[in-house]
Amino acid sequence: MTAPEVRPTGFDLWRLAALMRKETLQIVRDPSTILIAFVLPVILLFLFAYAVSLDIRQVRIAVVLQSDSTQAQSLAAAFSGTRYFRVLPLRIRREAATRLVAGELRGFVVIPQDFDRRLAVGGADGLVQVVTDGAQPNTASFVNAYAQGVVGQWLSDRSEVPAVAPVIEPRFWFNAEVESRRFLVPGALAIVMTIIGTLLTAMLVAREWERGTMEALMATPVSVAEILAGKLLPYFVLGLLAMLIATALSIHVFDVPLRGSWAALLLTSSVFLIPALGQGLLISVVSKNQFFAAQIALLSVNLTAFMLSGFLFEIDSMPWPVRLLTHIVPARYFVSSLQTLFLVGDVWPLLWTNLAAMLGIGAMFFLIARLRLRKSLEA
């Protein structure tokens, strides 16, 4: 005679509380979880705040002064006086080319022997020669553009009767200092939340399958919904706590202002954790192996959060098939929301659109994971 099958009797809050307590104790006892949740975010923030920078300052160039005229020396001084260049004065062009090939310089400017004659002809075209290192296209474009700007400004300053021309005064909204840290750090927060939500959750159910405790849980009166909620809610709280600590570091240590409200930040982070946890849950249900689940989670974080979220590479510059793919990447909407909250403020029309997209993607992940888990149990 077989024992009667024990079936769940609805959704019970006491069973849910017991499962959450069990998972919380597991989090506290697991050093790797604490490292990923609290130590890894600090390391990543320090790296993106100080080690990674898209600001171009003090670019190493040489100014090859082949003319001894007063005007040529004045132009050379103009290059040395800017904060964007670190100028090495030289007299021989070949020496500058050798240093450029060796990687010691990013470019050089040649002020030719007939500089005064070219200046008398008029115009900045052909006045000097700018040679840049094309192996780094962004820096090369900057050196070329700013070198031309220095020459143009020098010509303007030396004119006794300035020409009548419109004066352009640039203004930068939302990031007046044009510091890359101001948008890199909010993007790094999105990466941190993706790692915490996806990586930790990916190993969650996979660990239960490896240890054989999932079958034991299914033999109890606990429902599948209670198991998933009891396991995910502690990681949800853990993710929000890590987000609060990382945000405090961003504001007080890395000097990144938060122009939006804390309420909007918490709401956005809470909604983002839904697709992040759902993605990790789906990975763990499919893999049933901690190592394999961790590899898939890290791969998905690298390919999506780093490459396809707009964090480091602008989405508008991507090919259209890749742009279409980014619409199912939750980090895309979270990066946009965080950069808006930190640099602009509570722009709710944009935030509501991003929140709705993240909720939709999260619902899709949870639905697929729930169906896949039921299929695994019936198999």
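A short reminder: the numbers here are calculations on the coordinates, not readings from a lab. Computed from a predicted model, the values in this text were never measured in an experiment. Every residue, glycine among them, receives a Cβ derived from its backbone with ideal geometry; neighbour counts consider all protein chains shown.
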Order by protection proxy (mean Cβ within 10 Å, highest first), peptides 96-109, 183-196: 183-196, 96-109
Run lengths n ≥ 4 of DSSP H only: what is the helix-derived mean residue ellipticity at 222 nm for the chain, with -39500 (n - 2.57) per run over all residues, to the nearest 500? -19500 deg cm²/dmol
All-pairs Cα distance distribution in the chain, expressed in whole percent, bin size 20 Å: 23, 39, 24, 11, 2, 0
Could you grab the Rg to Rh ratio for the range 59-158? Cα atoms only, Kirkwood for Rh. 0.94
Given charges of +1 on the Cβ of Lys and Arg and -1 on the Cβ of Asp and Glu, with all other atoms neutral, how large is the dipole of the chain about its Cα centre, in debye to the nearest 20? 640 debye
Order 220-228, 272-280, 130-138 from most to least packed using the mean count of other Cβ atoms within 10 Å. 272-280, 220-228, 130-138
Can you tell me what share of the DSSP beta bridges in the range 59-158 is antiparallel? A percent to the nearest 5 is fine. 25 percent
With an 8 Å cut-off on Cα pairs and a minimum separation of 6 or more residues, tell me the relative contact order of the chain in percent. 20 percent
Beta carbons within 10 angstrom, averaged per residue: use that to sort the peptides 76-86, 201-211, highest first. 201-211, 76-86
Taking the inverse of the average 1/r across all pairs of different Cα atoms in the range 318-379, what Kirkwood radius in Å do you get? 13.5 Å
Could you list the chymotrypsin sites (Phe, Trp or Tyr not before Pro) in the range 284-336 that lie in coil according to DSSP, counting only those with at most 15 other Cβ atoms within 10 Å of their Cβ? Phe313
